[in-house]
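Some notes on the structure that comes next.
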Amino acid sequence: MIDLHTHSLFSDGSASPAELAALAHRVGLSTIALTDHDTTDSHEEMAAACASYGIDLIPGTEISLVDSEFPIERPGQAPRGRGVHVLAYFLPLDPASPMQQFLTSLRRDRATRNESLVTMLQGFGFEQLTMEYLLTKVAHPDGIGRPHIAEAMFTLHPEIVGERTEDSWRAVFTDWLGTDGKAYIPKTELTIEDAVAAAKGSGTVFSVAHPLFNYLNSITHETIEREMPRIMGSLRERGFAGVEAYYGSTTAPTRALMVKLTRDAGMIPTGGSDYHGSFKPEVALGVGLTGDLNVPDHIADELRAASSR
């Protein structure tokens with residue numbers, strides 16, 4: 001069993017890389033990819049911990065990009081590029097590489113947005129929420145994400161957001177931090193094509209993360225069969241080798257259909273739990289939200305082969 005989509009406290013997970021590796025050992029993972037958002041700074045600690053347990057580690061990251069080929073269209077609004085999450089595997093770790101410079105630009109944009117978001121929230125009454133407070137909650141200054149901000153909102157201002165429950169946690173993202181929230185600040189529009197160009201010749205392998213949540217408004221087998229082949233074909237033409245078909249928050253029948261469609265598209269069905277620790281306590285490492293995820297070991301071998309081509 002392998003897990004190719006996990007997060008540590010270097011981005012929006014709650015576990016340190018060493019704690020994550022220890023958990024991976026306990027649940028019996030043979031291979032893991034640590035895919036912190038916009039960074040590989042967690043790789044060195046994770047590599048040392050994985051080596052001590054005999055776990056194979058694939059270098060990875062998750063990045064937020066724009067796909068203009070499949071714009072979002074809403075009544076009364078001009079079409080805009082679709083925000084999608086992308087997993088990058090076997091990317092170069094050299095800070096001078098174009099791919100690492102690309103990640104640096106993403107982190108700078110996030111830092112600027114976080115400062116603006118905190119200022120905006122203070123204007124809405126979250127006066128105790130400061131950047132100084134948030135920096136005490138992460139291992140790296142670039143690691144602050146919306147889950148850290150949401151957690152701070154509950155800790156510092158329960159009089160505004162209420163007691164933290166599963167429903168109120170979701171409501172914070174819907175009402176405040178999500179795309180249509182009161183304090184939403186859009187990300188810089190770096191595109192899929194920009195990322196592929198930055199990674200050219202480096203052996204980086206791209207897979208679209210949780211594609212059904214990125215691209216579909218209605219997730220039924222009918223819409224998946226109708227829409228996803230066209231989307232997969234487009235991504236493949238633009239330099240993607242994989243699709244996260246084994247996603248830990250979809251059902252087994254949906255995963256089976258996605259694996260079939262991915263194979264039909266000539267792509268690799270990657271997979272993972274999207275583990276975030278206590279920020280998503282219902283999602284378990286290795287087995288996901290549903291508890292029955294099982295990403296086959298040979299998927300890691302296919303990614304290695306794609307990286308070496």
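The table below lists the values:
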read-out: Members of segment 183-214 found to be of a type in the set (Phe, Trp, Tyr) and either closer than 29 Å to residue 120 by Cα or free of Cβ contacts under 8 Å to residues at least 12 places away in the same chain (or both), listed by number; value: 184, 213
read-out: Boolean, residue 93 is under 30 Å from residue 298 (Cα atoms) and outside any helix (DSSP H, G or I); value: yes
read-out: Selection within segment 7-19 - free of Cβ contacts under 8 Å to residues at least 60 places away in the same chain and in a loop (DSSP other than H, G, I, E, B); value: none
read-out: Residue within segment 15-27 that is within 16 Å of residue 274 (Cβ to Cβ) and in contact with a strand residue (DSSP E or B) (Cβ under 7 Å, 6 or more places away or on another chain) present; value: yes
read-out: Residue list for segment 241-266, restricted to those being in contact (Cβ under 8 Å) with a residue 60 or more places away in the chain and more than 26 Å from residue 23 (Cβ to Cβ); value: 241
read-out: Top-ranked residue in segment 220-234 [being in contact with a Phe, Trp or Tyr (Cβ under 8 Å, 6 or more places away or on another chain) and either surrounded by fewer than 16 Cβ atoms within 10 Å (Cβ to Cβ) or touching a residue at least 40 places away in the same chain (Cβ under 8 Å) (or both); ranked as nearest to residue 93 (Cα to Cα)]; value: 234
read-out: Qualifying residue in segment 22-38 (condition: surrounded by fewer than 22 Cβ atoms within 10 Å (Cβ to Cβ), acidic (Asp, Glu) and either in a loop (DSSP other than H, G, I, E, B) or at negative phi (or both)); value: no
read-out: Leading residue by the ranking (surrounded by the most Cβ atoms within 10 Å (Cβ to Cβ)) among those in segment 59-71 that are out of contact with any helix residue (DSSP H, G or I) (no Cβ under 7 Å at 6 or more places or on another chain) and of a type in the set (Ser, Thr, Tyr); value: 64
read-out: Residue in segment 60-76 that is farthest from residue 104 (Cα to Cα), counting only those that are hydroxyl-bearing (Ser, Thr, Tyr) and at pLDDT below 95; value: 68
read-out: Of all residues in segment 20-47 being free of Cβ contacts under 8 Å to residues at least 24 places away in the same chain and not basic (Lys, Arg), the one that is farthest from residue 268 (Cα to Cα); value: 44
read-out: Considering residues of segment 72-111 that are surrounded by 12 or more Cβ atoms within 10 Å (Cβ to Cβ) and without any contact (Cβ under 8 Å) to a residue 60 or more places away in the chain only, the residue nearest to residue 247 (Cα to Cα); value: 72
read-out: Pair list, Cβ under 9 Å, 6 or more apart: segment 282-309 residue in contact (Cβ under 8 Å) with a residue 12 or more places away in the chain and at positive phi, other residue outside any loop (DSSP other than H, G, I, E, B) and of a type in the set (D, E, K, R); value: 286/3; 288/3
read-out: Flag for residue 174 being farther than 30 Å from residue 308 by Cβ, of a type in the set (Ser, Thr, Tyr) and assigned to a helix (DSSP H, G or I); value: yes
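The values are calculated or read from the model by the stated rules, or taken from the named source; none is laboratory data. Just so it is clear, the structure is predicted and the values come from calculations on it, not from any experiment. Neighbour counts run over all protein chains shown; Cβ positions are idealised from the backbone, glycine included.
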